[in-house]
1. Per-residue accessible area for Thr62 at 1.4 Å probe radius, Å² rounded to 10?
2. Multiply the residue gap between Ser120 and Val137 by 0.36 nm, knock off their C-alpha separation, and tell me the result in nm, one decimal place.
3. How big, on average over all directions, is the shadow cast by the Cα convex hull of region 73-177, in nm²?
4. Principal axis extents for region 44-129, Cα atoms only, whole Å, descending order, please.
5. Lys/Arg Cβ at +1, Asp/Glu Cβ at -1, dipole of region 27-177 taken about the Cα centre: which of Ser120, Gly73, Phe99 is farthest positive-ward?
6. Calculate the FRET efficiency for Asp94 and Thr171 from the Cβ-Cβ distance with a Förster distance of 22 Å, rounded to the nearest 0.05.
7. Which value in nm describes the separation of the simple spin-label points at Ser79 and Leu161, placed 7 Å from the Cα toward the beta carbon?
8. Take every Cα pair under 8 Å in region 30-133 that's 6+ residues apart, average their separations, divide by the length, and report that relative contact order as a whole percent.
Amino acid sequence: MSVMRSRARSAVLATVVTVLCTGALAAGPARAEPLALLQCQGTESVAYSPGITFQPQDVDVTTDGRLGSCVDGAGQVTSGAYEERFTLHAGCNDLLGGFQGARTFTWSTGDTSVIEAEGSSTAIAGQVVTTLTGTVVQGRYQGRSATQVIVLPQPALLLCLSTGVTGATGTTTLTIV
């Protein structure tokens, strides 16, 4: 009986060792993946013409973004920029609607990335926080996911009642994974 137990233990031990060794080989060496392929911080300035008032109207919007502090997993991109022009039907009370579009970023390397994204905005503590989420569809980082968060001051009540809000500047963060 003791011989049978010894053989059974040996068989179980051999099976366990085989499973553990096979699992370790299949898993390969452990690697820490970077949290982000690219992360940038900067500012965004927006100009509205005519100024935005409480009366909704078509407004020409010009956006100028400067990303001066980028950390690239490959160590190549150190900064970036983007500019956009579009028309929006908006008033001071309805700046928070959803939207979609494409934004082209130009990097310090001379490369570009086109990100197709959907966005939405919320008002939080006197600020308008806009979040864009999408995919890089062309250029550097193609196929990667992108998220941009833009924080601008909420329109001033007195300007909304008079000449209108003609611009705002705030912070932005872009992450590509």
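1. Roughly 50 Å² of Thr62 is accessible to a 1.4 Å probe.
2. 4.1 nm
3. That works out to 7.3 nm².
4. Sorted from largest, the Cα extents of region 44-129 read 47, 27, 20 Å.
5. After comparing all options, I get Gly73.
6. 0.40
7. So the label points at Ser79 and Leu161 sit 4.2 nm apart.
8. Relative contact order of region 30-133: 20 percent.
The values are calculated or read from the model by the stated rules, or taken from the named source; none is laboratory data. Just so we're clear, the structure is a prediction, and the values are computed from it rather than from any experiment. For neighbour counting, all protein chains shown are included, and Cβ atoms are generated from backbone atoms with ideal geometry for every residue, glycine included. Calculation scope for accessible area: heavy atoms of the full protein, side chains included, ligands and nucleic acids excluded. Shrake-Rupley method; radii C 1.70, N 1.55, O 1.52, S 1.80 Å.
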